[in-house]
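What follows draws every value from the coordinates through simple rules; no lab data is involved. Owing to the predicted nature of the structure, the values given are computational and were not obtained by experimental measurement. Cβ sites come from the backbone with ideal geometry, for glycine too, and all protein chains shown count toward neighbours.
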Amino acid sequence: MNAEIFAALRQLEKERGIPVDYMVEKITQALVAAYKKDRDGYTDNVYVELTEDAMRMYAQKEVVDEVITPATEVTLDAARKVDPHAQLGDLVNVEIKTQAFGRIAAQTAKQVIIQGIREAERGMIFESFSSKEHEILTGSVLRFEPNGDMTIRIGQGTDKTDALLPVGEQVKTEHFVEGDMIRVYVIEVRRSSRGPQVMVSRTHPALVKRLFELEVPEISSGAVEIRSIAREPGSRTKIAVHAAEENIDPVGACVGARGARVGAVVEELQGEKMDIVVWSEDICQFVASALSPADVISVTQLQQGAKACRVIVPDDQLSLAIGKEGQNARLAARLTGWHIDIKSETLAADILKNVPVHEEPAADLIGDEEDDDVRRCEYVSEDGVQCRNQARPGSRFCGVHDTDAFDDAEDLI
């Protein structure tokens, strides 16, 4: 009988990956639970020996003259039936007949074993997917929840589970139906009473990074590095790349022959536009590249120590530099971590000449707030020229000269 049990445990280990030793421990726990259910008594002195040769279950009891607690005590006469040399005060192992367990006790043992198998499977799934945090996984859309969340089936065979794609991590412009294959970014794997819970995303900037790692061998090998990403999911993403070796074109490597590599990423993201620029230690050069596809005349840092700069662009490039609803400039600011004040060439020249101008200044590119009470920035330069930008809401200064606005600039990357 024991040989059959161990043969079944080895088969279980082969099919589901549950170790034999783990299941032996669970069977031991099940037998103790069954004894407690059947006898409704003390079990701290109950032991189980389970090997391929034999299975023994016994209760260790003290030899006494008069039994007061049957669960832990035995008379001398009964003890000598087990051990002929037993004396008062000795501890003897009294065998428990498992065949005498009642139906309810047997059912309890069964439930303990089944629960042990479930816990083992959940533990293996958790370990498997917790090692895949911050990676890309491919799954299929299983169902849509009433609150808009999506359930994604990820993994294969026994190593599969259901992942949650919350509505807040979905791209509004993407549309899926049940059964569609989908690539997702694993944000976090949590333990829960119902097993591991895998949280995934389609909006995370790192999803774009992982997709490029899959498509561009130079990135996966480390020859090309992605230094920064700014993304507005479903619309546009800007990526700053840097080559570890001088003879490599980082942008060309990401674009690929006839745009095949970047095209594969765009297709996976259902048409999201990609701007790939070269990262540079020279912040002025980096900012100029980040404003691509607009041409830039000059980039000047404002106020030493503050992460703010002024960019001059040709008059016909101003709208392109700012972008639709300020998107291009906003993404450039997030990509570089700097506040960017964009001026047309004509307006910049008029400001330098201190000539009154009627052109509205470019909007604040880090915050999109608007205020009906429009005030002019109170900053005055060393040569006595007052800034012509609009003051930030609740401040006396514009976004360029309000130094408090730059404290959290790193968080925009």
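Classify region 143-226: rounded, prolate or oblate, from the alpha-carbon gyration tensor (a ≥ b ≥ c, eigenvalue square roots; a/c under 1.5 rounded; otherwise prolate if a/b is larger than b/c)?
prolate
Could you tell me the center-to-center distance, by alpha carbons, between region 163-236 and region 275-329 in angstrom?
What the calculation gives is 28 Å, centre to centre.
Compute the signed sum of charges (Lys and Arg +1, Asp and Glu -1) over the other residues within less than 10 Å, Cβ to Cβ, of Thr151.
Neighbourhood net charge equals -2.
Have a look at the DSSP beta bridges in region 170-284 and tell me what percent are antiparallel, nearest 5.
Roughly 70 percent of the beta bridges in region 170-284 run antiparallel, per DSSP.
Stretched out fully, how many nm does the piece from Thr69 to Arg16 gain, at 0.36 nm a residue minus the Cα gap? Let's see the in-between values first.
Details: separation 53, 0.36 × 53 = 19.08 nm, distance 4.37 nm.
In short, 14.7 nm is gained.
Taking the Cβ of Ile114 as the center, what net charge do the other residues with Cβ under 15 Å away carry, scoring Lys and Arg +1 and Asp and Glu -1?
That works out to +2.
Output the peptides 210-220, 60-70 sorted from most to least packed, where packing is the average of other Cβ atoms within 10 Å over each peptide's residues.
The most tightly packed comes first, giving 210-220, 60-70.
For a 26 Å ceiling on Cα separation, which of these pairs sit above it: Lys26/Lys97; Lys238/Lys307; Lys238/Lys324; Lys26/Lys132; Lys14/Lys160?
Working: Lys26/Lys97 19 Å; Lys238/Lys307 19 Å; Lys238/Lys324 15 Å; Lys26/Lys132 29 Å; Lys14/Lys160 17 Å.
Over 26 Å apart, Cα to Cα: Lys26/Lys132.
Between Val82 and Asp316, with labels modelled 7 Å along Cα→Cβ, what's the label distance in nm to one decimal, could you check?
Between Val82 and Asp316, the simple spin-label model gives 10.1 nm.
Show the residues, 5+ positions off or on another chain, whose built amide H is closer than 5 Å to the amide H of His204.
none
Sequence-distant or interchain residues sharing an amide H contact under 5 Å with Arg376, placed H: which?
The answer is Ala391.
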